[in-house]
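Some notes on the structure that comes next.
The values are calculated or read from the model by the stated rules, or taken from the named source; none is laboratory data. Note that this is a predicted model, so its numbers are computed, not measured. All Cβ positions, glycine included, derive from the backbone under ideal geometry; neighbour counts span all protein chains shown.
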Amino acid sequence: MQNPYIPYPVVVEKIITEVDTKDIKTFRLRFVNKEDEEKFKYIPGQFGELSIFGKGESPIGIASSPTQPGYIEFTVQRAGVVTSALHDMEPGTLMGVRGPLGNSWPIEYLQGKNIVIVGGGFAFTTLRSLLNYMIHESNRSRFGNITVIYGARNPGLLIYKDELEVWGKRSDINLNVTVDKGDAGWTGREGFVPTVCKEVAPSSENAVTVICGPPIMIRFTLPVFFDLGFSKENIITSLEMRMKCGIGKCGRCNVGSKYVCKDGPVFSLAELDKLTKEY
């Protein structure tokens with residue numbers, strides 16, 4: 001049995017700067033040992049602990065999909081000691097990753113249903129993992145209609161721009177990208193995510209919505225989906241920002257009797273209603 005405290009050694013293979021402010025980057029990591037890659041079997045929605053030797057570790061949602069073998073990807077915003085050290089790395093650097101940790105997006109529950117993905121700003125990482133998993137040729141027939149609503153404050157803060165272009169050309173994805181305020185070169189949609197959700201008005205019939213974003217976005221988006229007829233059981237989100245150790249030992253992420261890192265980070269709104277009011 002793998003010791004959960006010991007990270008797998010990985011090498012930084014590729015670094016992509018995602019936004020104009022240069023404080024969000026995607027890191028493609030390759031396992032040093034092939035057998036470690038085989039052990040790291042993950043499902044969209046799970047996370048990993050990124051270990052920077054001499055600095056510490058940080059829990060980050062997995063941004064790649066299990067349908068993309070040979071590497072794993074994490075999209076990281078520069079914030080503290082660990083993430084800053086990661087941002088200063090160059091390709092070829094050795095680091096570590098623990099995981100996969102936590103639960104996942106409820107893939108089996110989502111099968112056969114229409115899926116509405118709603119993301120805001122930087123909080124599109126594990127949603128990207130889910131979307132790429134669902135549209136893979138071996139999985140697409142297992143899911144119904146897919147609607148994506150994704151927004152950022154301005155065009156320069158949209159992440160995964162190349163993939164957004166590819167997704168937009170697919171006939172089996174209803175992609176809606178919006179920004180709060182466009183710039184001179186922006187020809188796309190303008191408007192806040194909750195407003196766009198109301199305009200797109202996805203049907204709640206046999207549908208589940210998966211939402212990640214800033215708390216203020218979620219606060220104003222939820223009433224829209226209630227008005228559209230979505231039940232709390234069919235509104236799903238992730239609370240990964242509350243995690244630390246990843247295995248339920250440090251107690252930092254407990255909410256009532258639940259540990260976000262172990263029982264979550266994915267919860268339905270109905271499940272969250274049963275937790276303490278701080279959520």
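What to note about this one:
- A count restricted to the range 84-125 and to residues that are hydroxyl-bearing (Ser, Thr, Tyr) and more than 19 Å from Glu37 (Cα to Cα) stands at 3.
- Evaluation of Gln77 against (1) more than 29 Å from Lys181 (Cβ to Cβ); (2) assigned by TED's automatic domain parsing to the domain that holds Thr26; (3) modelled with pLDDT of 95 or more (one fails), failing number: (1)
- Flag for Tyr160 being touching a residue at least 40 places away in the same chain (Cβ under 8 Å) and either at positive phi or in contact with a Gly (Cβ under 6 Å, 6 or more places away or on another chain) (or both): yes
- The one condition in (1) assigned by TED's automatic domain parsing to the domain that holds Ala123; (2) on the phi > 0 side of the Ramachandran plot that Gly251 fails to fulfil: (1)
- Residue match in the range 125-132 (condition: among the small types (Gly, Ala, Ser), surrounded by fewer than 20 Cβ atoms within 10 Å (Cβ to Cβ) and either closer than 21 Å to Asn234 by Cβ or free of Cβ contacts under 8 Å to residues at least 60 places away in the same chain (or both)): no
- Within the range 65-109, considering residues that are of a type in the set (S, T, N, Q) and part of a helix (DSSP H, G or I), the one nearest to Lys249 (Cα to Cα): Thr83
- Against the conditions (1) touching a strand residue (DSSP E or B) at 6+ places or on another chain (Cβ under 7 Å); (2) surrounded by fewer than 13 Cβ atoms within 10 Å (Cβ to Cβ); (3) not in a loop (DSSP other than H, G, I, E, B), Glu165 satisfies every one except (1).
- Gly120 vs. criteria in contact (Cβ under 8 Å) with a residue 40 or more places away in the chain, buried (at least 24 other Cβ atoms within 10 Å of the Cβ), assigned by TED's automatic domain parsing to the domain that holds Val166 and over 16 Å from Gly168 (Cα atoms): yes
- Test: residue in the range 49-57 that is of a type in the set (Val, Ile, Thr), more than 19 Å from Ile16 (Cβ to Cβ) and outside any helix (DSSP H, G or I): no
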